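Report on one structure; see the data block that follows.
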Amino acid sequence: MKAGVKLPDVTFKTRVRDEAVGGPNPFRWEDKTTADYFAGKRVVLFSLPGAFTPTCSTYQLPGFEKGFADFQAEGIDAIYCMSVNDSFVMNKWAESQNLENVNVIPDGSGEFTRKMGMLVAKDNLGFGARSWRYAAIVNDGVVEAWFEEPGLCDNHGEDPYGVSSPENLMKHLQAAKETAAA
């Protein structure tokens, strides 16, 4: 993946809260497309190996959540967290993280991640197929800037983190703004 590439067209199976459903689980299925999330917006998309995992839950997701206002000040309309997890898992993770600013996208079947070239085997951890950790700045469905952790491969022995961090994306946005102003 690289800058200038259009995101793949995918339909995501999501669960959205609907009080009309009633009962203890008032959610209904709603299909959302790549266009629903990305058309006409400048967003940060970051993808990670799994909901509830240590680095994702301790650093990456909370960092984007806390930094949302700063990203907005740099021209970002939304921040999306994607993982190869189903909507039930992603919704519970968002709830457990008290998310108010970052929206989660469930790539339950891994179709989007596969089409992005980022689907890897994590059988060494008992995860199965998951996303390699990356982030992107996406403008109207086209990758503006790409941030991929080093070492992309199946069953990697480590979980590299730094290139796709909120701090690194913020540095990029600020440098790009300074360059444009010069």
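Rule-based calculations on the coordinates, nothing more; no lab input. This one's a predicted model, so the numbers in the text were calculated from it and none came from an experiment. Backbone-built Cβ (ideal geometry, glycine too); neighbour counts: all protein chains shown.
Values as computed for the structure displayed
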| read-out | value |
| --- | --- |
| Per-pair calculated FRET efficiency, R0 = 22 Å: residue 174 and residue 59 via Cβ, rounded to 0.05 | 0.65 |
| The chain, dipole about Cα centre (Lys/Arg Cβ +1, Asp/Glu Cβ -1), debye to the nearest 20 | 160 |
| Extension gain from residue 140 to residue 27, taking 0.36 nm per residue of separation minus the Cα-Cα distance | 37.8 nm |
| Sorted peptide list for 59-67, 139-147, criterion being average Cβ within 10 angstrom, highest first | 59-67, 139-147 |
| Computed magnitude of the charge dipole of the stretch 81-173 (debye, nearest 20; Cβ of K, R +1, Cβ of D, E -1) | 80 |
| Greater than 20 Å apart at Cα, pairs in 2/92; 6/92; 13/92; 41/177 | 2/92; 6/92 |
| Extreme residue, positive dipole direction of the stretch 73-182, given options 160, 172, 126 (C-beta unit charges) | 126 |
| Amide N proximity, the stretch 38-61 versus residue 127 label position 7 Å along Cα-to-Cβ, cut-off under 12 Å | 47-57 |
| Base-10 log of normalised Debye intensity for the chain (one unit scatterer per alpha-carbon) at q = 0.12, 0.14, 0.15 Å⁻¹ | -0.55, -0.75, -0.86 |
| Protection proxy ranking of 175-182, 26-33 - average other beta-carbon atoms within 10 Å, highest first | 26-33, 175-182 |
| Shape category assigned to the stretch 21-67 from the gyration tensor of Cα positions, a/c cut at 1.5 | oblate |
| Options 61, 47, 4, ranked by Cα towards positive dipole end of the chain, top entry (Cβ charges) | 4 |
